[in-house]
Amino acid sequence: MSNQEQEIEIISLPYEEGTYWRKGAKFGPESILRKFKDLREYSIGNDSVIKSDNIHYNNDVYLSPYNRDQAFSQIKISVLEALKGGRIPILLGGDHSITYSIVKAFAEFYGKGNFGIIQFDSHTDTFDEVDGFNYHHGATFRNIIEDGLVKEENVFQFGIRGQVREDSISFLYSEKRTTVTIEKLVENRFEISKFIKNRNIPYYVSFDIDFVDPAFAPGTGTPVPGGCSSFETLNIIRNLNFIKIIGFDLVEVAPQYDSSEITSLLAANILHEIISSSFSAK
Ligand SMILES: [Mn+2]
């Protein structure tokens, strides 16, 4: 059995001004944490105990819906504080646009290009501006790459599926990025380790709940059918401990589209499994 020795800070980031379709992700953190606090400390799947004394909560970050620059800088400041305090930041969104400011904090702390990103999502989030606005939740990873925060060859995307506009096809794939469709993921038996050859750098993991099939996670703004089950998802999360993970976000949970709170419950379980697998010492 292993124990979670690493100090963790779970930061709530209830920001949803990066969405342009269905709102509601700002209620995600509260709903996920309510479920998380109901879970027991021992994970059967990981044979590991999470220690509540080593988990700190920050639910006080004010994110203005009117002043985007202020909200983005508040996100960065809160993440940097956790990093400087020696705690692993775990961020609860909010929509996926928050990841840009989070990664900015990581780039400041670790240095640009010194870590990679593993993204679980049904969308690549590498699309162009909308109405002249670049910082929406469908452009996050394009922004991260264009700013040089993370090298494009160190960005790995899993679970991509569904449809895009015909004039946006060119934004889907790039020769440098690793973009793994759901079909390819199934073909490779959900083994993330097969795709990530560079083990010399640490990784930031960004998890969009719409990676999961909407039958298992309906509570999200832009669901796409044909994704992983909750079993497959939790299995993937448990098996991420072959690399060093420096931070984790869980975004796009929108509780008002949920049924029987299953999306928030799954999100809470994802949180538990990443903590008890990747942030525990054997
Ligand atoms: Mn996303």
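Every number here is computed from the coordinates shown, using simple stated rules; none is lab data. Everything numeric here is computed off the predicted structure, so don't read it as measured data. A quick note on method: Cβ atoms are made from the backbone with ideal geometry, for glycine too, and the neighbour counts reach across all protein chains shown.
DSSP H helices in the chain with Cα extent of 20 Å or more along the helix axis and mean Kyte-Doolittle hydropathy at least 0.5?
262-278
For the stretch 150-233, take every pair of Cα atoms, bin their distances at 10 Å starting from 0, and report each bin as a whole percent.
Going from the shortest bin to the longest, the percentages are 15, 45, 34, 5.
In terms of the ratio Rg/(2.2 N^0.38 Å) built on C-alpha atoms, what value belongs to the stretch 126-282?
In units of the globular-protein estimate, the stretch 126-282 measures up at 1.05.
Give the peptides 156-162, 238-244, 204-210 in descending order of average Cβ contacts within 10 Å, highest first. Write out the running numbers ahead of the final one.
Working: 156-162: 22.0, 238-244: 15.9, 204-210: 27.4.
The densest-packed peptide leads the list: 204-210, 156-162, 238-244.
At 4 °C and 1.567 mPa s, grab the translational diffusion coefficient of the stretch 69-163 from Stokes-Einstein with a Kirkwood Rh over Cα pairs, rounded to a whole number in µm² per second.
Numbers: Rh = 13.8 Å.
Estimated via Stokes-Einstein, D reaches 94 µm²/s.
Relative contact order for the chain: what is it in percent, counting Cα pairs under 8 Å that are at least 6 residues apart? Present the calculation step by step, with values, prior to reporting the outcome.
Values: 613 pairs, mean separation 72.7, N = 282.
Computed over the chain, the figure is 26 percent.
Taking a threshold of 29 Å on the Cα-Cα distance, which of the pairs LYS76/LYS184; LYS151/LYS184; LYS76/LYS151; LYS26/LYS194; LYS37/LYS112; LYS112/LYS244 fall above it?
In this structure, LYS76/LYS184; LYS26/LYS194; LYS37/LYS112 lie more than 29 Å apart at Cα.
Evaluate the stretch 226-282: find the radius of gyration of its Cα atoms, find its Kirkwood radius, and give the ratio Rg to Rh. Mind showing how you got there, number by number?
Details: Rg = 12.4 Å, Rh = 12.4 Å.
Here the Rg-to-Rh quotient is 1.00.
Compare the peptides 212-223, 167-178, 263-274, 73-84 by average per-residue count of other Cβ atoms within 10 angstrom and give them in order, highest first.
In decreasing order of mean packing, 212-223, 167-178, 263-274, 73-84 become 263-274, 212-223, 73-84, 167-178.
Count the net charge of all other residues whose Cβ sits under 14 Å from the Cβ of LYS176, scoring Lys and Arg as +1 and Asp and Glu as -1. Show your work: numbers first, answer last.
Details: positive: ARG142, LYS151, ARG177, LYS197; negative: GLU146, GLU152, GLU153, GLU175.
Here the charged neighbours net out to 0.
Give me the net charge of ILE196's neighbourhood, meaning all other residues with Cβ under 13 Å from the Cβ of ILE196; Lys, Arg count +1, Asp, Glu -1.
Working: positive: ARG177, LYS194, LYS197, ARG199, LYS244; negative: GLU153, GLU191.
Spelling it out: positives minus negatives among the neighbours equals +3.
Kindly write out, for the stretch 251-261 in residue order, the coupling ³J(HN,Hα) from the Karplus curve 6.51 cos²θ - 1.76 cosθ + 1.60 (θ = phi - 60°), rounded to whole Hz, with x marking Gly and Pro.
Per-residue couplings from phi come out as 10, 6, 6, 10, x, 6, 9, 7, 10, 6, 6 Hz.
Sort all Cα-Cα distances of the stretch 2-278 into consecutive 5 angstrom bins from zero, then give the percent of pairs in each bin up to the one containing the longest distance.
Reading upward from the zero bin: 1, 6, 13, 19, 21, 19, 13, 5, 1, 0, 0.
Going by amide H atoms built from the backbone, whose H comes under 5 Å of the H on TYR203, apart from near neighbours?
GLY116, LYS244, ILE245, ILE246
Order 23-35, 1-13 from most to least packed using the mean count of other Cβ atoms within 10 Å.
23-35, 1-13
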